[in-house]
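Some notes on the structure that comes next.
The values are calculated or read from the model by the stated rules, or taken from the named source; none is laboratory data. Values in this document were obtained by computation on a predicted structure and should not be read as measured data. Positions of Cβ are generated from backbone atoms using ideal geometry, with glycine treated the same way; all protein chains shown enter the neighbour counts.
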Amino acid sequence: MGKDKKTLNTNLLLLLLGRFVSDTGSGLQKVIMPLYIIDVGGLAATVGLFSFHL
């Protein structure tokens, strides 16, 4: 019985860790991509359309 409880806790920990990494990457992408578009010569309208899509 104790082994099943430990497995459940390990799986939950891995799920939460994966979710944290995924959410952090998504948040960084939402900040970095508009800056990258402006850096490569994109227009403000392009940044607006891209941000609207996210």
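Name the residues in region 14-33 that are under 24 Å from Val47 (Cβ atoms) and not small (Gly, Ala, Ser), would you?
Asp23, Thr24, Leu28, Gln29, Lys30, Val31, Ile32, Met33
Return yes or no: is Phe52 of a type outside the set (Ser, Thr, Tyr) and modelled with pLDDT under 90?
Working: of a type outside the set (Ser, Thr, Tyr): yes; modelled with pLDDT under 90: yes.
Yes.
Six or more apart or on different chains, Cβ atoms under 7 Å: show the pairs whose first residue is in region 26-54 and surrounded by 12 or more Cβ atoms within 10 Å (Cβ to Cβ) and whose second is polar (S, T, N, Q) and at pLDDT 85 or above.
Ile37/Thr46
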